[in-house]
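Encoded as structure tokens, the structure appears first; notes follow it.
The values are calculated or read from the model by the stated rules, or taken from the named source; none is laboratory data. The model shown is predicted, which means the values in this text are computed figures rather than measured ones. Cβ: placed from backbone, ideal geometry, glycine included. Neighbour counts: every protein chain shown. Keep in mind that these areas ignore ligands, DNA and RNA; they rest on the heavy atoms of the full protein, side chains included. Shrake-Rupley method; radii C 1.70, N 1.55, O 1.52, S 1.80 Å.
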Amino acid sequence: VDLPRHFGFLTRWQIVGPFDNREKKGFAVVYRPEVKLDLKARLKGQLGPVRWQPSSTDQDYVVLDIAKTIKPYKGAVMYATTSFTIDEARDIELRLGTPNAWKLWLNGRLLFAREEYHRGMILDQYRVPGRLKTGINTILLKVCQNEQAEDWAQRYQFQLRVCDASGIAVPPSKPARGGKTGAQP
């Protein structure tokens, strides 16, 4: 069974960071990806210039481990974006799991945000209703990690899936290259 496809997980992303979240100030800061999404842009990051880079996982439950990609990851903000193409507009749920603070946009509209750190992470931890438009839809996720040093405070990761209100996957009309879902061109 192809679990990512079965559950509707988004497996391919573009990510950028780190941006500053020291003293937890980055959650409220509007960094450039929130204003204008330009995957070719060179952005001012926490330690210097940063660029968008591809990130994906083949893990069955599609947990994207940001700490393996973004350095440093403590006191940091990162953004992840992907696209989702559909033939007909419809209501959906974006179901997110993350132990970190986060904000989620669909097609430039902020759907929900939660500033809470180290809550734990489970499948479908957060259920966020949204509406996909016909054609290409853009999903943007902001994930914030604080500076806690305890062993249990080191997870900097997320998983996100697209489904209907009952939890059944909503497949894209065009799978991304390689059969993966949620890929930027």
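A few notes on this one:
- Rounded to the nearest 20, the Cβ-based charge dipole of region 128-167 about its Cα centre (Lys and Arg +1, Asp and Glu -1) stands at 380 debye.
- Each residue of region 8-24 is assigned a 3J(HN,Hα), and the resulting list reads x, 5, 8, 9, 10, 9, 10, 10, 8, x, x, 10, 6, 9, 4, 6, 6 Hz, derived from the Karplus form 6.51 cos²θ - 1.76 cosθ + 1.60 (θ = phi - 60°), x at Gly and Pro.
- Surface accessible to a 1.4 Å probe, Y61 within the full protein complex, Å²: 100
- Among (1) 49, 40, 35; (2) 42, 34, 28; (3) 42, 40, 31, the entry that matches Cα extents along the principal axes in Å as calculated here: (2)
- Take the Cβ atoms of R42 and E115, set R0 to 30 Å, and the FRET efficiency comes out at 0.60.
- Each of E150 and Q125 was given a label point 7 Å from its Cα along the Cα-to-Cβ line. The distance between the two points is 1.5 nm.
- For region 87-183, applying the loop criterion from DSSP together with a ceiling of 16 other beta carbons within 10 Å to the GluC sites (Glu not before Pro) yields E88, E115, E116, E147, E150.
- Each Lys or Arg adds one and each Asp or Glu takes one away; over the other residues whose Cβ falls under 14 Å from the Cβ of C144, this sums to +3.
- Karplus-derived 3J(HN,Hα) values for region 136-153, using 6.51 cos²θ - 1.76 cosθ + 1.60 with θ = phi - 60°, are 7, 10, 10, 10, 10, 10, 9, 10, 10, 10, 8, 9, 4, 9, 4, 3, 6, 9 Hz; glycine and proline are entered as x.
- Rolling a 1.4 Å probe over the heavy atoms of the protein chains gives the chain an accessible area of 50 Å² per residue.
- Positive-end residue, the chain charge dipole about Cα centroid, Cβ charges, pick of A113, L3, T138: T138
- Carbon plus sulfur fraction of accessible area for the chain, probe 1.4 Å, in percent: 50
- Loop trypsin sites (Lys or Arg not before Pro), region 52-137, which have at most 15 other Cβ atoms in a 10 Å radius of their Cβ (DSSP): R119, K133
- Sequence-ordered 3J(HN,Hα) estimates for region 69-75 from the Karplus curve with 6.51, -1.76 and 1.60 and θ = phi - 60° stand at 10, 9, 10, x, 9, 7, x Hz, glycine and proline given as x.
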